[in-house]
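Every number here is computed from the coordinates shown, using simple stated rules; none is lab data. Only a predicted model underlies this, so the values are computations on that prediction, with no experimental measurement involved. Glycine gets a Cβ as well: all are built from the backbone with ideal geometry, and neighbour counts include every protein chain shown.
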Amino acid sequence: SEGVWGPGGGRAEPWPRVFPYISAMVNNGSLTYDHDRDGRPTELGGCTAMVRNLNHDTFLVIRYVKRRLTVLIDIDGKHEWRDCIDVPGVRLPRGYYFGTSSVTGDLSDNHDIISLKLYQLTVERTPEEEKRDREVYLPVVDNLKLPGSPCPVPPTEGCSCSRCDTGGVTAHLRLTLA
């Protein structure tokens, strides 16, 4: 059945989501993507995207404006955007490169990226926002608390939960289509 792995999977446990699935996570190199749990422990958000074997192109928009990361998808061939991921409080430094990756887990699959179009959006900002954004040197997600951790951020070397106030998880952004 769709809710339980079959005998070919070797175990019977509920499926927490339907695949293919688009997810976003942050990482500064101190976290690992948990393949056994499909990245759930470090996931910022995600959505199912039934994109296999379609007879039309599918599209994904990644937008980062005023510390808000959004991902929209157009997978139905109707030229209509659907919300997938919306994460406020994401602080990314300037000058980084954009990259893509895909993960298929235990099964094989192919993921073709036909083109990337990158745009720099012009957004009006207050002087306070300009100053605040200039001070971001490491990627951060405000108030992100990872499952199983009492701290809002993974403690860095020499820090304890009560002594460090970093305001979020320092991280690189990773979008995964699994």
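Values as computed for the structure displayed
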item	result
In nm, spacing of pseudo-spin labels at M50 and D109 (7 Å Cα→C-beta vector)	1.4
Residue-wise HN-Hα coupling along the range 40-57, computed from phi with Karplus coefficients 6.51, -1.76, 1.60 (Hz; x: Gly, Pro)	4, x, 10, 6, 7, x, x, 7, 6, 9, 6, 10, 6, 6, 8, 9, 9, 6
Amide proton proximity set for E43, modelled H, under 5 Å, gap of 5+	none
Amide hydrogen neighbours beyond the local backbone of Y33, cut-off 5 Å, H modeled	none
Karplus-derived 3J(HN,Hα), 6.51/-1.76/1.60, for each residue of the range 31-39, Hz, glycine and proline x	10, 10, 6, 8, 5, 5, 10, 6, x
Long-range HN-HN contacts of D142 with modeled amide H, under 5 Å	V90, R91
Spherically averaged projected area of the range 28-103 from its Cα convex hull (nm²)	6.6
